[in-house]
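Engineer: Encoded as structure tokens, here's the structure I'll be asking about.
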Amino acid sequence: MHKRSDFHFKYPPNIYELDLATMVSMFRSRGEPRKAAPGQYFACAYSQELLKEAKWWFGLYFSQSTWDMLLTKGSEGFPITNIELNVLGQVYMAEDDVPHREFVEKNAGVTEKLAYLIVNDLRTFGFLSEDDSGFLRITPRGEKALHGIARRMYEKRFLPEMLSDEPPPESPSIEQAQRRDEEQTSLF
């Protein structure tokens, strides 16, 4: 399905390159107000205005008015991206066959580490509920948030065609150095 608007929050395309600690730190501090140092300014990523105070989103700064415009109907102040649309949409579509958390995280469209954080936040904000076995259900609040982001991006209520079918990016792997089987000379 063709997107009608790109005016919504987005995670950086190379977020998977971050180590887990940095990713968690940036994820937890998104939306925090930041004050520029004396004599310094921030620039709003959307309006390009110079600002003394701004909201922070993964290295980008937004004026309060732009931040408010980026929030979607039904989100209750929660910054929703296309990834949250994928997570909420998968759970919403599964009426009889309730999806397990692992399945949703693997099909979110981001690395499983980030998907884990996103699912936790959606639960904390009351958009999803999880039972003791790890099965997810969407709440009425979650349905409103899902339809809100769908309307922003596609100008329609949520439809299954809106789910992203892009595979999640591969996590970078660290190449192991090869050891030589030579005896090391003793220094003592």
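Engineer: Confirm whether Ile118 is modelled with pLDDT of 95 or more, under 24 Å from Leu20 (Cα atoms) and either touching a Cys at 6+ places or on another chain (Cβ under 6 Å) or surrounded by 10 or more Cβ atoms within 10 Å (Cβ to Cβ) (or both). Full working, then the answer.
Structural biologist: Numbers: modelled with pLDDT of 95 or more: yes; under 24 Å from Leu20 (Cα atoms): yes; either touching a Cys at 6+ places or on another chain (Cβ under 6 Å) or surrounded by 10 or more Cβ atoms within 10 Å (Cβ to Cβ) (or both): yes.
Yes, satisfied.
Engineer: Determine the pairs where a residue that is under 16 Å from Met153 (Cα atoms) and free of Cβ contacts under 8 Å to residues at least 12 places away in the same chain, located within region 62-80, has a partner that is of a type in the set (Gly, Ala, Ser) and in a loop (DSSP other than H, G, I, E, B) with Cβ atoms under 8 Å apart, the partner being 6 or more residues away or on another chain.
Structural biologist: Leu71/Gly77
Engineer: Taking Trp56 as the residue in question, decide whether it is within 21 Å of Leu122 (Cα to Cα), open to solvent by 20 Å² or more (accessible area, probe 1.4 Å) and among the hydrophobic types (A, V, I, L, M, F, W, C).
Structural biologist: Against the criterion (within 21 Å of Leu122 (Cα to Cα), open to solvent by 20 Å² or more (accessible area, probe 1.4 Å) and among the hydrophobic types (A, V, I, L, M, F, W, C)), Trp56 qualifies.
Engineer: As an exercise: evaluate Cys44 against (1) open to solvent by less than 10 Å² (accessible area, probe 1.4 Å); (2) under 21 Å from Arg28 (Cβ atoms); (3) in contact with a strand residue (DSSP E or B) (Cβ under 6 Å, 6 or more places away or on another chain) and give the number of the one condition it does not meet.
Structural biologist: Among (1) open to solvent by less than 10 Å² (accessible area, probe 1.4 Å); (2) under 21 Å from Arg28 (Cβ atoms); (3) in contact with a strand residue (DSSP E or B) (Cβ under 6 Å, 6 or more places away or on another chain), the lone unmet condition for Cys44 is (2).
Engineer: Kindly provide the set of residues from region 57-88 that are farther than 22 Å from Val24 by Cβ, outside any helix (DSSP H, G or I), in contact with an Asp or Glu (Cβ under 9 Å, 6 or more places away or on another chain) and not hydroxyl-bearing (Ser, Thr, Tyr), ordered by number.
Structural biologist: Gly74
Engineer: Of the residues Val98, Val91, which is surrounded by fewer than 22 Cβ atoms within 10 Å (Cβ to Cβ) and over 22 Å from Leu20 (Cβ atoms)?
Structural biologist: Values: Val91 fails: surrounded by fewer than 22 Cβ atoms within 10 Å (Cβ to Cβ).
Only one candidate qualifies: Val98.
Engineer: Only one of these is assigned to a loop (DSSP other than H, G, I, E, B) and farther than 18 Å from Ala145 by Cα: Ala37, Ala54, Ala21. Name it.
Structural biologist: Ala37
Engineer: Working only within region 121-137, note down all residues that are surrounded by fewer than 22 Cβ atoms within 10 Å (Cβ to Cβ) and in contact with a strand residue (DSSP E or B) (Cβ under 9 Å, 6 or more places away or on another chain).
Structural biologist: Arg123, Ser129, Glu130, Asp131, Ser133, Gly134, Phe135, Arg137
Engineer: Continuing with this model, one more query. Can you pull out the residues in region 4-24 that are open to solvent by less than 70 Å² (accessible area, probe 1.4 Å) and either over 25 Å from Met153 (Cα atoms) or not aromatic (Phe, Trp, Tyr) (or both)? Spell out the reasoning first.
Structural biologist: Looking only at region 4-24, we keep the residues that are open to solvent by less than 70 Å² (accessible area, probe 1.4 Å), and these are 5, 7-9, 11-12, 15-16, 18, 22-24.
Of everything in region 4-24, those that are open to solvent by less than 70 Å² (accessible area, probe 1.4 Å) and either over 25 Å from Met153 (Cα atoms) or not aromatic (Phe, Trp, Tyr) (or both) turn out to be Ser5, His8, Pro12, Ile15, Leu18, Thr22, Met23, Val24.
Engineer: While we're on this one: Out of everything in region 116-165 that is among the small types (Gly, Ala, Ser) and in contact (Cβ under 8 Å) with a residue 40 or more places away in the chain, what residue ends up being farthest from His8 (Cα to Cα)?
Structural biologist: Restricting to residues being among the small types (Gly, Ala, Ser) and in contact (Cβ under 8 Å) with a residue 40 or more places away in the chain, the top hit is Gly142.
Engineer: Across region 138-147, what is the number of residues that are under 14 Å from Val87 (Cβ atoms) and open to solvent by less than 60 Å² (accessible area, probe 1.4 Å)?
Structural biologist: Residues flagged as under 14 Å from Val87 (Cβ atoms) and open to solvent by less than 60 Å² (accessible area, probe 1.4 Å) within region 138-147 amount to 5.
Quick grid of which residues meet (1) in contact (Cβ under 8 Å) with a residue 12 or more places away in the chain; (2) closer than 24 Å to Arg157 by Cα; (3) of a type in the set (S, T, N, Q):
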| site | (1), (2), (3) |
| --- | --- |
| Cys44 | yes, no, no |
| Asn86 | yes, yes, yes |
| Glu95 | no, yes, no |
| His100 | yes, no, no |
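The values are calculated or read from the model by the stated rules, or taken from the named source; none is laboratory data. Note that the structure is predicted; figures quoted are calculated from it, not measured. Virtual Cβ from ideal backbone geometry, glycine too; neighbours counted across all protein chains shown. Only protein heavy atoms, including side chains, enter the accessible area calculation; ligands, DNA and RNA are left aside. Shrake-Rupley method; radii C 1.70, N 1.55, O 1.52, S 1.80 Å.
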